[in-house]
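Engineer: Okay, handing you the structure first.
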């Protein structure tokens with residue numbers, strides 16, 4: 001499910017950004033029933049917030065910790081095309097029946113090098129810890145943000161995740177990626193000192209996927 005752009009932080013809507021909002025919203029497929037509950041909720045939450053976020057430049061930081069407060073839902077079964085790392089986090093690598101995530105060009109008010117936004121939720125296993133890192137060769141090409149607060153950071157090096165409290169299961173946070181251009185990107189997920197690479201087709205599939 002492609003959904004409207006989410007911009008971390010608050011800020012007033014500027015008139016010349018409404019066109020960007022309309023373009024992104026028009027990319028939402030009609031068949032919401034095909035999507036897992038967590039993905040649908042992430043999209044609805046984004047739509048409710050988007051007019052407050054457009055026009056404000058996100059603050060980019062190297063490393064931060066995910067705020068476990070207020071996940072938008074829980075999942076008994078992970079969506080198709082999920083890559084699970086260490087039973088701690090799950091990242092979507094593509095949309096249903098597609099080999100890539102959606103990506104939309106966003107306002108020039110965002111960091112100028114990261115012109116494309118891919119909305120995708122993060123699934124987190126409660127009581128487990130992980131680090132989602134950007135490899136050295138990918139730095140400057142991709143940044144990530146997840147959470148359900150007014151101050152979720154835009155991270156371009158390392159996002160620490162968990163352990164989040166709660167009954168054992170998967171919880172869902174809205175967010176996604178900013179990239180310099182559509183294509184294949186790789187993140188490293190570290191769980192218990194073991195790194196697992198996760199290849200993501202963002203706007204375009206990875207070769208061989």
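The values are calculated or read from the model by the stated rules, or taken from the named source; none is laboratory data. Remember, it's a predicted structure, so these values are computed and weren't measured experimentally. Positions of Cβ are generated from backbone atoms using ideal geometry, with glycine treated the same way; all protein chains shown enter the neighbour counts.
Engineer: Anything in segment 58-94 that is over 15 Å from residue 176 (Cα atoms) and touching a helix residue (DSSP H, G or I) at 6+ places or on another chain (Cβ under 8 Å)? List them, or say none.
Structural biologist: Within segment 58-94, 73, 74, 75, 79 meet the criteria.
Engineer: Provide a single number: the residues in segment 137-154 that are surrounded by fewer than 13 Cβ atoms within 10 Å (Cβ to Cβ) and assigned to a helix (DSSP H, G or I).
Structural biologist: So the answer is 1.
Engineer: Quick one: would you say residue 164 is within 22 Å of residue 79 (Cβ to Cβ) and in a loop (DSSP other than H, G, I, E, B)? Spell out how you get there, then give the answer.
Structural biologist: On the way: within 22 Å of residue 79 (Cβ to Cβ): yes; in a loop (DSSP other than H, G, I, E, B): yes.
Yes, satisfied.
Engineer: With respect to residue 174, determine if the residue is farther than 21 Å from residue 85 by Cβ and modelled with pLDDT of 95 or more. Quick ask: steps written out before the conclusion?
Structural biologist: Working: farther than 21 Å from residue 85 by Cβ: no; modelled with pLDDT of 95 or more: yes.
The answer is no for residue 174.
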